[in-house]
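The structure under discussion appears below in the form of structure tokens.
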Amino acid sequence: MTHAPLPAPDALSWRVEPEAAADAAAVDALVLAAFGPGRFAKTAERLREGARPAHGFVIRSEGRVIGSVRLWPIRVGQTPALFLGPIAVEAESRREGMGAALVRACLDAADGRGVLLVGDPPYFGRFGFRPAPGTLLPGPVDPRRVMWLGTGEPEGDVRVS
Ligand SMILES: CC(C)(COP(=O)(O)OP(=O)(O)OC[C@H]1O[C@@H](n2cnc3c(N)ncnc32)[C@H](O)[C@@H]1OP(=O)(O)O)[C@@H](O)C(=O)NCCC(=O)NCCS
């Protein structure tokens, strides 16, 4: 039996790029569509309020932003780290590996610093994120959804830096 060859990575019709200043409105619209207005009440949003992202990445299709993620500079206790989120891929383009590519771009950009997030364990566990019960976020959060990828066990208050 013969198999069709898998597409080479450079044959994909999309790639992860740094977010540009001009992408901000499109990213906001994508995140609003993915999470709804309720996200503004969330603790992760409280943490990011007034802060500037350290990194942002987008995926475009025909010039349109269809995926995005941001990384924020934080401290966990005294330790510098990064906070990942929000991450969103437009509904019509999911399950093509874009979410994974955005997470990997964040991990590359973290360059050894730990990455914290509030998210679904079944999704983020596949990248090696694990629960971070020693962290204290600025608001209520399900502790099972607070996840860390980095060396050691993160301990203490989480604040933007
Ligand atoms: C989460 C999200 C960014 C993933 O984007 P994506 O491009 O579909 O991701 P990938 O293609 O890399 O991975 C798809 C896989 O993840 C799974 N998956 C997606 N969201 C998941 C979730 N919340 N929990 C568990 N698994 C999830 C899919 O079922 C799929 O599984 P499969 O590989 O077994 O088919 C996208 O679904 C999204 O924008 N969701 C709405 C916003 C959101 O909930 N973001 C944060 C998640 S906590």
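Of the numbered criteria (1) among the aromatic types (Phe, Trp, Tyr); (2) within 24 Å of Asp142 (Cα to Cα); (3) under 11 Å from the mean Cα position of the chain (by Cα), the one Phe57 fails is (2). Considering the range 74-86, and only residues there that are touching a Phe, Trp or Tyr at 6+ places or on another chain (Cβ under 7 Å) and not aromatic (Phe, Trp, Tyr), the residue that is nearest to the ligand (Cβ to nearest atom) turns out to be Pro86. Taking the range 144-157, which residues are within 15 Å of the ligand (Cβ to nearest atom) and loosely packed, with under 14 Cβ neighbours inside 10 Å? Within the range 144-157, just Arg144 meets the criteria. Every test in (1) outside any helix (DSSP H, G or I); (2) within 23 Å of Ser13 (Cα to Cα) is passed by Leu116 save one, and that test is (2).
Any idea which residue in the range 87-115 is nearest to Ile74 (Cα to Cα), counting only those that are buried (at least 21 other Cβ atoms within 10 Å of the Cβ), within 6 Å of the ligand (Cβ to nearest atom) and within 10 Å of the chain's Cα centre (by Cα)?
That would be Ile87.
Number of residues in the range 119-128 that are assigned to a loop (DSSP other than H, G, I, E, B) and more than 9 Å from the ligand (Cβ to nearest atom) equals 1.
The numbers here are math on the coordinates, done by the rules we state, and not lab data. Just so it is clear, the model here is predicted, and its values are computed rather than measured. Positions of Cβ are backbone-derived with ideal geometry, glycine not excepted, and every protein chain shown enters the neighbour counts.
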